[in-house]
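Take a look at the structure set out below.
What follows draws every value from the coordinates through simple rules; no lab data is involved. Here the structure is a predicted model, which means the values were calculated and not measured. Note that each Cβ is placed from the backbone with ideal geometry, even for glycine, and that neighbours are counted across all protein chains shown.
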């Protein structure tokens, strides 16, 4: 289905953009008062190595979501892992008492994952 492929590409491009092009830039969605990704992970009380782990996982998932367009069997595993990471992201924002706006990117991805799952399982 075309919608599923479009959603996969939107998620993939978004993840790659964040982890390659915006990692050292301030955004309205960074946790706490962080100005870059490293400060954000520190604001959550997480070790720096976890930033590299999460970033590697998200970039790998982005690539695998693109590959999943042709190898559909991979899709569900990538969606589940990404959903867990997005839930963790929302929980980190809650932990540092961020306004809900800062969770919008993670919540948007969770919504797109739900749509993909709905349309692939129906």
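The single condition among (1) within 18 Å of residue 42 (Cβ to Cβ); (2) part of a helix (DSSP H, G or I) that residue 98 does not meet is (2).
When the range 66-81 is limited to residues that are under 14 Å from residue 2 (Cα atoms) and within 17 Å of the chain's Cα centre (by Cα), the one that is surrounded by the most Cβ atoms within 10 Å (Cβ to Cβ) turns out to be 68. Sort out which residues of the range 14-28 are in contact (Cβ under 8 Å) with a residue 24 or more places away in the chain and either surrounded by 12 or more Cβ atoms within 10 Å (Cβ to Cβ) or not in a helix (DSSP H, G or I) (or both), and write them in order of number. Hits for the range 14-28 are 14, 15, 16, 18, 19, 23, 28. Of the residues contained in the range 64-72, none is found to be in contact with a helix residue (DSSP H, G or I) (Cβ under 8 Å, 6 or more places away or on another chain) and within 15 Å of residue 106 (Cβ to Cβ). May I ask you to verify whether residue 59 is surrounded by fewer than 17 Cβ atoms within 10 Å (Cβ to Cβ), in a helix (DSSP H, G or I) and touching a helix residue (DSSP H, G or I) at 6+ places or on another chain (Cβ under 6 Å)? Yes; evaluated as a whole, the condition is true for this residue.
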